[in-house]
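Participant: Below is the structure I would like to discuss, written out as structure tokens.
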Number of protein chains: 2
Amino acid sequence: MTRFHLDPRLSGDTTPVVELPLSLVLLHHDANYPWTILVPRVPGAVEIADLSAAERAVLTEEIVAVGDAVRSLTGCHKLNVAALGNQVPQLHVHVIGRFRDDPAWPGPVWGAAAPKPRSLETRDALIEALRQRLERTE
Amino acid sequence: MTRFHLDPRLSGDTTPVVELPLSLVLLHHDANYPWTILVPRVPGAVEIADLSAAERAVLTEEIVAVGDAVRSLTGCHKLNVAALGNQVPQLHVHVIGRFRDDPAWPGPVWGAAAPKPRSLETRDALIEALRQRLERTE
């Protein structure tokens with residue numbers, strides 16, 4: 001069994017938030033949206049079907065927990081949950097808070113608007129708030 | 001408890017394939033992609049968190065079963081799985097077979113290419129093949 005390594009394109013676009021039992025949770029650097037990414041720490045997984053049924057059940061509950069944290073912290077109007085992987089094959093699930101006045105609404109976020117930078121202070125505050133909520137629900 | 005009614009925008013774009021224990025499975029009319037949509041028959045559900053944990057576990061396994069059917073029937077290179085719901089609030093999950101030469105690759109499919117019609121014969125054959133595989137795995 002090979003070890004789990006985070007794809008460098010995922011690590012380059014994000015900052016780690018917390019390690020849940022199955023998934024590493026990342027915060028995307030694009031400040032247009034509260035955009036998290038869950039990466040199950042299962043070496044070689046590309047499709048959801050590459051996880052065991054038990055791992056899939058854990059992933060689903062981690063998606064819900066991260067979505068709840070994003071929603072309660074940001075007051076977003078809708079969550080977008082997606083496992084695409086056309087560009088980065090490593091299995092990863094986007095959990096994105098959407099607002100009716102965000103730059104991509106009502107379309108999906110990918111390729112919709114130029115990425116907006118976030119100050120280090122804002123980023124660290126968001127990460128700390130997400131981590132506290134997610135550690136509480138573990 | 002109100003009854004489940006399929007949103008008319010979902011029914012207008014699709015043809016029903018099969019009823020799984022939780023979800024109604026639909027085939028999208030856009031022939032650019034083998035594009036299925038799962039709609040859990042839970043009245044009022046908008047977010048995945050609106051389902052019970054037991055329903056979420058069933059939904060996850062139905063997503064995997066539909067993805068396996070799409071992949072084995074079409075030989076697609078990747079699956080895209082997404083619950084967005086920005087335009088149609090009723091909870092629905094896209095399970096889309098993607099090819100490295102499809103008109104949206106490697107981007108997401110939404111808004112990428114003009115919808116392509118499918119002949120009734122091709123549509124019915126695809127629906128029948130999906131139904132047979134999914135009834136076998138129920």
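Participant: Starting from the Cα of B:R100, step 7 Å toward the Cβ, then list every residue of the stretch B:56-89 with an amide N under 11 Å from that point.
Facilitator: B:77-78
Participant: Just the Cα atoms of the protein assembly as shown: what Rg and Dmax do they give in Å?
Facilitator: 18.2, 58
Participant: If you don't mind, another one. For A:E135, place a label point 7 Å out from Cα along the Cα→Cβ vector, do the same in each other copy, and report the separations in nm, one decimal, smallest first.
Facilitator: 5.4
Participant: Could you work out how far the C-alpha centroid of the stretch B:18-53 sits from that of the stretch B:77-108, in angstrom?
Facilitator: Between the Cα centre of the stretch B:18-53 and that of the stretch B:77-108, the gap is 13 Å.
Participant: Another one. What is the dipole size for chain B, taken about its Cα centre, with +1 at each Lys and Arg Cβ and -1 at each Asp and Glu Cβ, in debye to the nearest 20?
Facilitator: Computed charge dipole of chain B: roughly 240 debye.
Participant: Then there's this: Two decimals is fine: what is log10 I(q)/I(0) at q = 0.19 Å⁻¹ for the stretch A:34-101, from a Debye sum with one equal scatterer on every Cα and no solvent?
Facilitator: These q points yield log10 I(q)/I(0) values of -0.73.
Participant: Dipole of the protein assembly as shown, Cα-centred, from +1 at each Lys and Arg C-beta and -1 at each Asp and Glu C-beta, to the nearest 20 debye?
Facilitator: Approximately 360 debye in magnitude.
Participant: Additional query: Across peptide B:80-90, what mean number of C-beta atoms from other chains lies inside 10 Å of a residue's C-beta?
Facilitator: What the average comes to for B:80-90 is 6.
Participant: Compute the angle between helix B:120-137 and the longest alpha-carbon principal axis of chain B, please, reported from 0 to 90 degrees and rounded to the nearest 10.
Facilitator: With rounding to tens, the tilt is 50 degrees.
Participant: Placing a label point 7 Å from Cα toward Cβ, how far apart in nm is A:P8 from its equivalents in the other copies, listed shortest first to one decimal?
Facilitator: Output for A:P8: 5.3 nm, nearest copy listed first.
Participant: Can you give me the angle between helix A:53-74 and the longest principal axis of chain A, using Cα atoms only, in degrees from 0 to 90, rounded to the nearest 10?
Facilitator: 10
Participant: Using a probe radius of 1.4 Å on heavy atoms only, what accessible surface per residue do you get for the stretch B:1-56? Whole Å² is fine.
Facilitator: Ligands and nucleic acids excluded, the result is 44 Å² per residue.
Participant: Continuing with this model, one more query. Can you give the Rg/Rh ratio of chain A, where Rg is from the C-alpha atoms and Rh is the Kirkwood radius?
Facilitator: When Rh is taken as the Kirkwood radius, the ratio is 0.94.
Participant: Let me test this: with uniform point scatterers at the alpha carbons of the stretch A:83-132, what is the Debye-based log₁₀ I(q)/I(0) at q = 0.17, 0.26, 0.27 1/Å?
Facilitator: Debye curve over Cα of the stretch A:83-132, log10 I(q)/I(0) at q = 0.17, 0.26, 0.27 Å⁻¹: -0.78, -1.11, -1.10.
Participant: Looking at the axis that maps chain B onto chain A, which chain B residue has the closest Cβ, and how far off is it in Å, rounded to a whole number?
Facilitator: Axis relating chain B to chain A; nearest Cβ residue and distance: B:A82, 2.
The values are calculated or read from the model by the stated rules, or taken from the named source; none is laboratory data. Being a predicted model, the structure only gives us computed values, none of them experimental. FYI the Cβ positions are ideal-geometry reconstructions off the backbone, even for glycines, and counts take in every protein chain you see. All accessible areas refer to the heavy atoms of the entire protein, side chains included, with ligands and DNA or RNA removed. Shrake-Rupley method; radii C 1.70, N 1.55, O 1.52, S 1.80 Å.
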